[in-house]
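Below: the structure, in C-alpha cells.
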Amino acid sequence: RLFGGLVLDVKRKAPWFWSDFRDGLSLQCLASFLFLYCACMSPVITFGGLLGEATNGHISAMESLLGASMTGVVYSLFAGQPLTILGSTGPVLVFEKILYKFCKEYTLSYLSLRACIGLWTAFFCIVLVATDASCLVCYITRFTEEAFASLICIIFIYEALEKLSHLRETYPVHMHSKLDFLTIYYCKCEAPTHPSNETLRFWESNKINVSGIAWENLTVTECRYLHGEFQGPACGRNGPYTPNVLFWCCILFFSTFVLSSLLKKFKTSRYFPTRVRSTVSDFAVFLSIVVMVLIDFMVGIPSPKLHVPHMFKPTRDDRGWFINPIGRNPWWTVLAAVIPALLCTILIFMDQQITAVIVNRKEHRLKKGCGYHLDLFMVAVMLGVCSVMGLPWFVAATVLSITHVNSLKVESECSAPGEQPKFLGIREQRVTGLMIFVLMGCSVFFTSVLKFIPMPVLYGVFLYMGVSSLRGIQFFDRLKLFWMPAKHQPDFIYLRHVPLRKVHFFTVIQLICLVLLWAIKVSRAAIIFPMMVLALVFVRKVMDFCFSKRELSFLDDLMPESKKKQQLDDATNEGKEEEVKL
C-alpha cells in the first residue's frame, strides 16, 4: 500500500508521543544531554570548517551549526526513533568536494546545483518511503551491521588519535635541545630572502611596503600573514617551537579518556550509596570535561580551544539563507542533477537504516517500537529544506547514536551485597535529542563559555565513545577466540553448537569485509562507500552456501545472547523434568 509503512509507523508511535516527554524528566537524561551536547558540537564545527575549506566558504561552520540544529530538532520531535542522533558523514564531505571542483571547472553555480541534487535526493527518499523500501532492512543482519558499526567505531578511535598527532605540526617540540643553551636559543621573523610569485602578488595587491616593516618586532601571527620567514635555532618548520603545549595536550587527551572510563564504572564500586554511585556514573563524561577544563584553566598552558562562530549570518556576504535551485545555471542542470542524486540517495538510505537497525537491536529491549519509514521521511524532508537553504546534509551518526543509547541504559538497583545490576532496558524519550540540538543552535550566544573547552579534551571524549561503543559487538568477542585456548573460552551460546573452525571462518570473512571497507573509506573512492556496505548484504547471502541454517542462526541471529541461552537452558530443564516423570 502506498505510504502504508509510514502510516503504520505513525499509528505505532503516536500513543507514546506525550510519554516520550514525561519519560525524559530524569537526572539520567540531563547527564546524557550535557555529555552528548559537548560530543556533538566539535564534529559539527569541524565538519563545517572542512566544508569551508573544500567549498571556499560557501558552506562553513555557521551553516553547519544551523543545519545540525534545525535537522536535529525536527527529527527529535517527529521521528520514529528519537534515540538516533544525526550527524555528518565522511562520504558526504567527499561528495561536496567533487561537486565544488566540478562546478568550478565548468563555471556553474555550486549552491544552485547542490540544491537541485538535494531536492532530487529528498524526492527519491520519499519515493522509497512511499514504496515501503525500508522493509529491506530485514536483510541487514548482525553480519552487516556489526561490520559497519565496527568500522565506524575504529574510525572514531583512529581520528581521535590522528587529530592529537596533528597537533605536533601546530605546536612543534624542540627535540634533542641542550639545557645549557636555553639562554642563546631564539626565533625571529625576517623578510623572505627569495619571495615566491604568490608572496610578491600578495604584497602588491595589499600595497605592502616591505622595506618599511620592522620584521623583528612582528608577532607570530603577523609574520605568517605578511609571508615572513622564521630564522633561528629555536624555529621549527612553520614557526617557533612551542614548549609544553603538545605534552599538555597529550595529558588532557588521555586523562579525559581514563577519567571518563573510571567514573562510568563507579556504579559498580563498593563505596557510597547506590544513588550517589548511579549519579556519578551517569554524569561521568560531563564531570570529566568540567574537571579537565578547570585544570587546564588553572595550569594556564595555551592549549587549542573550541572555536564557535559568534555571529548569526552566512559565512560569505554574497549568499543568503535561500538558494535558487536554477540560479545562473542552464536549465538542463536540473535534469542532470538526477544522476548524482541517485548516488546520494543510496548514501543516505544505507547510513540511516543501518544505524537505525543497530539502535533498534532486540538486546536493547525497546518497548515503544521502531519507525524506519518515518525516520527516513523526516531525514528526506529536512534534507530538502537544508538544500534550499544552502546548509549541510545530516543523517544518522552511528557512534553518537550507540553512545546515546548506552547513556540511557536502565539497570536494577542492587539490594544484596555483591549482586550485579540487571539490565532492564533503555529510557526511551525525545527530550535528550531535542535539548542537544536546541542548545547547539544557541551556541552562538555561549561563545564566552565554550571558548574555554580545550580541543584535546573533546578528542579524549571521541576516544571514549569509540572504545565504549565497541563493547557488546560480537565480532570482537569472536576475534579474541583466535588467541584463547579452548578451556579458557567464555560460555558463548554459538560455541556450544557451532564447531570452532566454522566460527573462525565466519570471523575471517567478516574481518576481510571490514578491511576492504576501511580501504575504500580512506581512499579517493570513499564516495562509493555506501554501495560497498550494500554489497555486504549480498556477501551474507552467499554465505548461506558455506554454513548451515542452524549454524547461521547462532552466529548471525539478532536475538540477544542471554535470551537465546535462557531459552536453551529452559528447554534442557523441561526435557530433564519429562525424563524424571517417565
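The values are calculated or read from the model by the stated rules, or taken from the named source; none is laboratory data. Just so it is clear, the structure is predicted and the values come from calculations on it, not from any experiment. All Cβ positions, even for glycine, are placed from backbone atoms using ideal geometry, and neighbour counts span all protein chains on display. For accessibility, only protein heavy atoms count, side chains too; no ligands or nucleic acids. Shrake-Rupley method; radii C 1.70, N 1.55, O 1.52, S 1.80 Å.
Within the range 295-308, residues that are closer than 14 Å to Ser255 by Cβ and polar (S, T, N, Q) sit with their Cβ atoms under 8 Å from residues that are at pLDDT 80 or above and outside any loop (DSSP other than H, G, I, E, B), at 6+ positions apart or across chains, in these pairs: Ser303/Val245; Ser303/Trp248; Ser303/Cys249; Ser303/Leu252; Ser303/Asp296; Ser303/Pro454; Ser303/Met455; Ser303/Pro456.
Got a sec? Which of Leu66, Leu50, Leu27 is modelled with pLDDT of 75 or more, open to solvent by 20 Å² or more (accessible area, probe 1.4 Å) and over 25 Å from Lys368 (Cα atoms)?
Exactly one residue qualifies, and that residue is Leu66.
Among the candidates Leu2, Leu8, Leu77, which residue alone is in contact (Cβ under 8 Å) with a residue 40 or more places away in the chain, open to solvent by 30 Å² or more (accessible area, probe 1.4 Å), outside any helix (DSSP H, G or I) and within 27 Å of Val129 (Cβ to Cβ)? So that I can check it myself, show each step before the final result.
Details: Leu8 fails: outside any helix (DSSP H, G or I); Leu77 fails: outside any helix (DSSP H, G or I).
Leu2 is the lone residue from the list that is in contact (Cβ under 8 Å) with a residue 40 or more places away in the chain, open to solvent by 30 Å² or more (accessible area, probe 1.4 Å), outside any helix (DSSP H, G or I) and within 27 Å of Val129 (Cβ to Cβ).
Here Trp248 clears all of (1) surrounded by 17 or more Cβ atoms within 10 Å (Cβ to Cβ); (2) at positive phi; (3) within 34 Å of the chain's Cα centre (by Cα) except the condition numbered (2).
Do we find that Arg319 is touching a Ser or Thr at 6+ places or on another chain (Cβ under 6 Å) and of a type in the set (Lys, Arg) in this structure? It is false that Arg319 is touching a Ser or Thr at 6+ places or on another chain (Cβ under 6 Å) and of a type in the set (Lys, Arg). Is one or more of the residues making up the range 329-337 at negative phi, at pLDDT 80 or above and surrounded by 14 or more Cβ atoms within 10 Å (Cβ to Cβ)? Yes - at least one qualifying residue is present in the range 329-337.
With respect to being in a helix (DSSP H, G or I) and open to solvent by 70 Å² or more (accessible area, probe 1.4 Å), Leu495 falls outside the description.
The condition of being touching a Ser or Thr at 6+ places or on another chain (Cβ under 8 Å) and either touching a residue at least 12 places away in the same chain (Cβ under 8 Å) or under 30 Å from His166 (Cα atoms) (or both) does not hold for Cys370. Considering the range 306-324, and only residues there that are open to solvent by less than 50 Å² (accessible area, probe 1.4 Å) and touching a Lys or Arg at 6+ places or on another chain (Cβ under 9 Å), the residue that is farthest from Val399 (Cα to Cα) turns out to be Ile323. Filtering the range 361-378 for residues that are in contact with a Leu (Cβ under 9 Å, 6 or more places away or on another chain) and within 16 Å of Leu111 (Cα to Cα) leaves an empty set.
Report, by residue number, each residue of the range 91-114 that is part of a loop (DSSP other than H, G, I, E, B) and free of Cβ contacts under 8 Å to residues at least 12 places away in the same chain. Outline the logic, then answer.
First pass over the range 91-114, keeping only residues part of a loop (DSSP other than H, G, I, E, B): 106-109.
Selection gives Tyr106, Thr107.
Please go through the range 123-141 and give me each residue that is β-branched (Val, Ile, Thr), within 30 Å of Gln474 (Cα to Cα) and either in contact with a Leu (Cβ under 9 Å, 6 or more places away or on another chain) or open to solvent by 30 Å² or more (accessible area, probe 1.4 Å) (or both), ordered by number.
Quick first cut of the range 123-141, residues β-branched (Val, Ile, Thr) only: 126-127, 129, 131, 137, 140-141.
So of that shortlist, the ones also within 30 Å of Gln474 (Cα to Cα) come out as 137, 140-141.
The answer is Ile140, Thr141.
Condition check ((1) touching a helix residue (DSSP H, G or I) at 6+ places or on another chain (Cβ under 6 Å); (2) open to solvent by less than 40 Å² (accessible area, probe 1.4 Å)) across all residues:
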site: Thr199; (1), (2): no, yes
site: Leu226; (1), (2): no, yes
site: Gln231; (1), (2): no, no
site: Gly236; (1), (2): no, yes
site: Gly239; (1), (2): yes, yes
site: Asn244; (1), (2): no, no
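Can Thr268 be described as among the hydroxyl-bearing types (Ser, Thr, Tyr), in contact (Cβ under 8 Å) with a residue 24 or more places away in the chain and touching a Gly at 6+ places or on another chain (Cβ under 8 Å)? No.
If you check Val137 against the conditions, is it out of contact with any Asp or Glu (no Cβ under 9 Å at 6 or more places or on another chain) and at pLDDT 80 or above? Break it down into steps so the answer makes sense when it comes.
Details: out of contact with any Asp or Glu (no Cβ under 9 Å at 6 or more places or on another chain): yes; at pLDDT 80 or above: no.
When the stated conditions are applied, Val137 does not pass them.
Among the residues of the range 144-159, which ones are within 21 Å of Phe475 (Cα to Cα) and either over 21 Å from the mean Cα position of the chain (by Cα) or open to solvent by 50 Å² or more (accessible area, probe 1.4 Å) (or both)? If the condition is that a residue be within 21 Å of Phe475 (Cα to Cα) and either over 21 Å from the mean Cα position of the chain (by Cα) or open to solvent by 50 Å² or more (accessible area, probe 1.4 Å) (or both), then Ile154, Tyr158 are the ones that fit.
Could you list, in sequence order, all residues of the range 275-305 that are outside any helix (DSSP H, G or I), hydrophobic (A, V, I, L, M, F, W, C) and either surrounded by 20 or more Cβ atoms within 10 Å (Cβ to Cβ) or in contact with a Lys or Arg (Cβ under 7 Å, 6 or more places away or on another chain) (or both)?
Looking only at the range 275-305, we keep the residues that are outside any helix (DSSP H, G or I), and these are 283, 300-305.
Of the ones still in play, those that are also hydrophobic (A, V, I, L, M, F, W, C) are 283, 301.
Within the range 275-305, just Phe283 meets the criteria.
Go through the range 160-197 residue by residue and tally those that are of a type in the set (Asp, Glu), assigned to a helix (DSSP H, G or I) and surrounded by 11 or more Cβ atoms within 10 Å (Cβ to Cβ). Qualifying residue count for the region: 2.
How about the range 425-440: which of its residues are open to solvent by less than 10 Å² (accessible area, probe 1.4 Å) and part of a helix (DSSP H, G or I)? Talk me through it step by step, then tell me what you get.
Going through the range 425-440, the residues open to solvent by less than 10 Å² (accessible area, probe 1.4 Å) turn out to be 425, 429-430, 432-433, 436-437, 440.
Within the range 425-440, Thr432, Gly433, Ile436, Phe437, Met440 meet the criteria.
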